[in-house]
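Notes to accompany the following structure.
The values are calculated or read from the model by the stated rules, or taken from the named source; none is laboratory data. Note that this is a predicted model, so its numbers are computed, not measured. No Cβ is skipped: glycine too gets one built from the backbone with ideal geometry, and neighbour counts run over all protein chains shown. With ligands, DNA and RNA removed, areas are computed over all heavy atoms of the protein, side chains included. Shrake-Rupley method; radii C 1.70, N 1.55, O 1.52, S 1.80 Å.
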Amino acid sequence: MSHRRLPVSGRNRVVTVGVCAMDKKTRSSAMKEILTRVEAFGEFQIVIFGDNCILNQPVEEWPKVDALISFYSNGFPLQKAEQYEALHKPFVVNKLSEQWTLLDRRLVYKRLQEHDIPVPNHLVVNRNDYIKKGELRKKPKGDEVALPDQPTFEPIGFDQDEAYVELNGKRIYKPFVEKPANAEDHNIFIYYPHNVGGGYKRLFRKIGNQSSQYYPPPEVTDTNQVIYTPVRQTTSFIYEDFMSTNGTDVKVYTVGPDYAHAEARKSPVVDGRVQRDESGKEVRYPILLTPEEKEIARRVCLAFGQHVCGFDLLRTKGRSYVCDVNGWSFVKNSKKYFDDAAVCLRAMILKAVAPDHYSTQTAQKAAASASIEDEADIILEGDEEDTEDTGPISPDEPAEELRAVLGVIRHGDRTPKQKMKLRVSNPELLELMLKCTNGRPRKQAKLKTPQLLQELLNICRDIYTKLIEHPPSLQIEDEQAREELEEELEAWKQVVSILEEGGHFSGINRKAQLKPLEWEMKESKAGGESQEVVTEALLILKFGGVLTYLGKYQSEALGKVFRVRMYPRGNYYGSDADGLLRLHSTYRHDLKIYSSDEGRVQITAAAFAKGLLALDTHIGQLTPILASLVTKDAKLLDFVTHDVEEDILHSKHKLYTAMTQKLVTPGEKPSNKATTEDADADDIGGLSQTLRFASLNKFKVVTQMVMAAHRFQVAGESSSIRILTRTMDLMGVPQRPLQKLERLLELTKDVSLQLRSMLMTQQNRFSSSDNLHVDRLNWAQKGSAIAPRGSLPKGGLQQLKNMVVPAGGESFLLMYSRWKKLEQDLFHTRKMRFDISKVPDVYDAVKYDAIHNEHLALVGLSELYGIAKELADCIVPNEYGTTAESKLRIGGTIANSLISKLLSDLNNTREESFAVENGGFHSDARRVSINDDARRASMNDHQRLETSTPPATMTTDDDDEDEREREEEEEKEELSTTRLNLRYATAHGVHSPFRHVRTRLYFTSESHLHSVLNVLQYAHLDTERQVQDRGREPNSANNSTTPVAESNYHAKRPPGLPLSPQKEPNLTSQASPSPPVRQSLINDKLAQYLRNEKELDYLTHIVFRMFERFHVPPTDPRRFRIEILFSNGIGKNPFKSNIVEMFTAGNGEDESDGQEPSKSSTDTLDEDSESAVLNDLMQEIQIQNDDIEPDQDYLTLSTMEDYLVNYKRRYRYGEESFDSSTPGRQPRSTSVGSDRDRERQFPGNWKNLFPT
């Protein structure tokens, strides 16, 4: 439809602009600001129609105008406005006919895809037809969906499961987002998978300061009940992948295809609390868009014919996706935007209505100027003090500023880890195993999902019930056989109790395995060839190790303490001292949190994030935070020992020998037992004992055993009392370890006896002499846990103090079984041998019970704690090496990827700072083209549909390709940083918007803490090695930097053998000259600290802080100072301090009573408790060696990289990563977005990535 233009003679004529919209929108403050500015130009007359005219008068009586601003909102007669447009043909800023499309999200996504605009991976489940013209919808109230949204037909091919929704073979896995097709329905749900806690979150229009609420999964009370939250089926919905954006939403506002303004706000998916300023408005900060995002804005504007519109942008992993288009939208409180919007509207209307108007060309130039935003000019114009290279700093400016905070953190307080094994031959269990393995009899089944665990529980209940109702022991006269059957009955009772604990399967901590043990050949029922059938399997239950309520409080408390201690309280610009929270809210804090695969570690990370960012949660639920802010990276943070298995076995054997062999005192003649032959035989026996800890196949077991035994015989350690004594001194073995092991066993037995007595007393309360079998069944049910493990009682701390049963949802049956198993595993009565690997388990158990079960008043627990701690303090550190070389080798292999990532983080921060220093930062830094992104998404969808089974075992080349892809993903993740627009930021008092504090937090287990510490302590003994010597084993030619001859040498080494010499080197030997040993990266404080306290307790953390010193030239290695902090976490003796009360003061009952906390749940401790208690806990000490270089007063990043040179990444995008041509700095990363880098990525024409 062509619009009416003014006659040529009207070059000075006033253009009439009509505003046809509901009064609530027309008379808003933002709309008034824009219209006032448009009218002030002098070329326009603004005519506002008003509600009475729009709703009550016919279109023929509406004012006649030259240009029309008209848009839909609730109650607006859109069809009537179209009739007016057809009658008078004015220029319409936003096409009215296209606004029908915006009312249906299905049509919106379809239109976006037609114009190659990236959208999230999704599927559409239709239950009614698309919106048609004239079918306006009523605004929904709450969860109700008004007509015509009621379903008119059922979707074909739709199915849902606890893990996904499916339509015609295409699946969307949880977490996913569920959006109603009706664009006016803002009740959007996010469904979470069971491995982050399950349940769902409802997003809604802001009500006060709340914009979302989390609902936990339903509690299962019936075996036939659905064990997950089913999706809604009330209307048509879109299901799409949930994309983590690190808690940030981006809203883009266009005024014509060439102008786009973007603002960032806190996302409602994290905690649902709306962040507001002093005037009560939601806090939003203008940000920069990349060229790709500006092209997306242009396409959205043209695709829907809406010159003035808003849409939502999701930024994740270096890419951007449009997830919603809203139609007419404008910024609420930005004077700069109001000016720009008025200029653009002026030019747009004059060009369309009066192209020959005398002001048209002037308006066009002004609009073009408003649309251009050169970021380099912004930096030079607004941040000149940050671009000076030299010159004295003013007294008001700091000598340095914090640039990066990297933390490696252990999880919080947990329940003891446990495992139970039972040989089974029941057909029901064997069928379940085959069901999980798709009929493969040689493959073990892993049961993790609530659905499979519930099925396993039902089978085990049936088996136990049959044994109770028909006990075979009554017909057996053989006493031994009767005892075996009674033991089997007791074992099944314990299995049922373990599976029943907590009352329902939710969370991320329990798992079971069915491992085939025996097979036989049977003829198939259909005849023909015989097939292999499993006849017996091993049922393995792994439970415990759950983060307790105390662990959550501890983690949140550490997050609060971390916020205060690690970040500056305000800055020299004179702003209020809100430190990290201000940095984060103004998008100058680049935060990413990583976690290992273990549930306790993931929840620790989420609780820490809650305290760090002062987030609100609904009755203590951490699932939304976990799904939104925590990235699970098992490859980076989980403990895999394959590359150093033999070294660890060697260390365990040395430790076993040192702790269990009696030494000959001076002057005493050795007995016959101490001869070389007997000692060698003992060593081989001890070695076979250590092999039971290794998860190796039979071939590797034999190989490891032979080679380790040969090592001992060559070293002669087993036959030399003198060498054994020296070894004990190096390892810190306590005095008389064998006697202490014997005492440990006695005390463990005593605790078991006490618990058995308590168990029998408790059991007698439920006894019934009328029916013994029914009583047994009832007792199995009573013996299971009645609450989730590690949880707080419903009555809070007060109930905990008055309880007569174990804490944390554990029953007396399970607690007794836990201690009885420790007693049996600690000492093998038939072999007459201690299993020292169980000593740390005893220590974990006694520490847990001392903290959580103090009310049971177990006798001897304090003495047991002291002995177990002394022995565990020796055993645990030595499992990661008994000499400096072995500690470095083992630690460097376990933590290789993590240390490499830490160095990469620091280097990226330096590169970013260097780019900003030289005015070279651009927001378009290496983002993916939207055309490429759309093609890749299409290919991924195609592959997802065609791929039904995992790929076969990958080759070494595949592993290297995976490593490259992993590093590329990390690079893209680093690019997902929101950058403030300086012109707007300075108006809000935000300085240096391009300088970020980069925070990377890595939550892991104790093994990685030991490994990182060992590498830092002993890296000075290391020399630059090839990639193969670091356990990474990239044998392909593309990745190896080793000469061919040397590569062949490495290739000839047998699998599973150490990469080090066969004989342990002697540091004290003077046999051959060696280069002078460098100073350690770590000062003497750490060694002194660890001499007094060797345990790396819960929430142990190592922190790297990097500071930039402004008075040092950027190319000088001294530009960046490194500070390394260490804390051994909680580090309190539970018999001297009440650890529970320390961390639960003022908050012990919030999570347990099911009610919202009376005060902000961000305050785990009140202010007085926080200052009095937390400041004294988890204190860090500086451990970096500032005297490591004679010409430097502090440790620099360059020096630390020299020491850790073997952990640098060897490639990035197929080329060498590092270049020593510039002192103190590696080559500029492609992430900084230099012209050279962009030219390499987009050869030929990187400035124009999109077709016009």
For the cross-link pairs Lys170/Lys632; Lys179/Lys201; Lys592/Lys1085, which exceed 19 Å when the distance is taken from alpha carbon to alpha carbon? Lys170/Lys632; Lys592/Lys1085
Radius 9 Å from Cβ of Arg1105, net charge of other residues (Lys, Arg +1; Asp, Glu -1): +1
Place the peptides 59-70, 161-172 in order of packing, highest mean first, counting for every residue the other Cβ atoms within 10 Å and averaging per peptide. 59-70, 161-172
Place the peptides 812-818, 825-831, 631-637 in order of packing, highest mean first, counting for every residue the other Cβ atoms within 10 Å and averaging per peptide. 812-818, 631-637, 825-831
Going by average Cβ neighbours within 10 Å, how do the peptides 30-37, 1132-1139 rank, with the highest at the top? 30-37, 1132-1139
For the stretch 167-318, accessible area per residue (1.4 Å probe, heavy atoms of protein chains only), Å²: 34
Positive minus negative residues near Tyr84 (Lys, Arg vs Asp, Glu; Cβ under 12 Å): -1
Accessible-area order (highest first, 1.4 angstrom probe) of the listed residues His115, His589: His115, His589
Surface share of carbon and sulfur [accessible, 1.4 angstrom probe, percent] for the stretch 278-343: 51
Which entries of Lys493/Lys838; Lys251/Lys294; Lys552/Lys1136 have Cα-Cα distances beyond 20 Å here? Lys493/Lys838; Lys552/Lys1136
